[in-house]
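Read-outs throughout are calculated quantities, based only on the coordinates presented, and are distinct from any laboratory measurement. Since we're looking at a predicted model, the values are computed, not measured.
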């Protein structure tokens, strides 16, 4: 487990966390839209 292995792990983890954040943002926007439709 050298420093190069840690660097590759960090590089791989970044896009994964970004995609997860984008997915969560999309889910929250859909939930907000549905709740806005039901309240109106």
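How far is helix 3-39 tilted, in degrees, relative to the longest principal axis of the Cα atoms in the chain, given as a value from 0 to 90 rounded to the nearest 10?
0 degrees
When the expected Rg is taken as 2.2 N^0.38 Å, what fraction or multiple of it is the alpha-carbon Rg of the chain? Each step should come with its number before you reach the end.
Details: Rg = 17.5 Å, N = 40, 2.2 N^0.38 = 8.9 Å.
That ratio works out to 1.96.
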